[in-house]
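In what follows, a structure is listed as structure tokens, so that the remarks can point back to it.
The values are calculated or read from the model by the stated rules, or taken from the named source; none is laboratory data. A quick note: this is a predicted structure, and the numbers were derived from the prediction, not measured. Note: ideal-geometry Cβ built from the backbone for every residue, glycine included; neighbour counts use all protein chains shown.
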Amino acid sequence: MSRLDQLLTFYQEDPTDPFTLYALATEYRAVGDTAEAWKYYDQLLRKHPTYVGTYYHAAALLTELNRRDEAEQVYRAGLVEARKQGQHHAAAELQGAFMKFQGLDYEDD
């Protein structure tokens with residue numbers, strides 16, 4: 001049984017578990033199925049907005065799909081949620097990714 005098959009079994013057992021949704025999104029993205037990956041990231045953002053780990057990866061996928069306006073909204077919402085929860089490390093990672101997204105990372109090439 002593949003990892004994806006196992007995750008789909010977990011999903012059938014509990015389609016509301018945010019970790020399973022996150023794992024499915026990540027697995028689908030890893031195999032290049034961006035449509036399925038987005039389906040699960042979108043579900044997480046709508047039904048589990050406090051699951052902070054979603055924001056970084058969902059915004060990155062939206063950027064990859066050239067959906068920049070949506071990506072910016074996801075970055076901003078993630079920053080608000082991470083700060084609200086006191087998740088400083090997650091907020092810092094989101095801030096760094098958002099700055100890079102905006103072209104403000106200032107790293108030497």
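Within the range 58-109, the set of residues being hydroxyl-bearing (Ser, Thr, Tyr) and surrounded by 13 or more Cβ atoms within 10 Å (Cβ to Cβ) comprises Thr63, Tyr75. Do the conditions hold for Val52, that is, is it in contact with an Asp or Glu (Cβ under 8 Å, 6 or more places away or on another chain), modelled with pLDDT of 95 or more and within 19 Å of Pro18 (Cα to Cα)? Taking the combined requirement at face value, the residue satisfies it.
Scanning the range 7-31 for residues that are more than 21 Å from Glu81 (Cβ to Cβ), surrounded by fewer than 18 Cβ atoms within 10 Å (Cβ to Cβ) and within 15 Å of the chain's Cα centre (by Cα) yields a single hit, Ala30. Here Ala58, Ala71, Ala82 are screened, and the one residue that is over 17 Å from Pro18 (Cα atoms) and in contact with a helix residue (DSSP H, G or I) (Cβ under 7 Å, 6 or more places away or on another chain) is Ala71.
Of the helices (runs of 4 or more DSSP H) lying entirely inside the range 1-91, those containing at least 2 residues that are over 17 Å from Phe101 (Cβ atoms) span 3-13, 18-30, 34-47, 68-84. Here the range 40-55 is the region considered, the condition is being surrounded by 15 or more Cβ atoms within 10 Å (Cβ to Cβ) and free of Cβ contacts under 8 Å to residues at least 24 places away in the same chain, and the residue that is farthest from Gln85 (Cα to Cα) is Tyr40.
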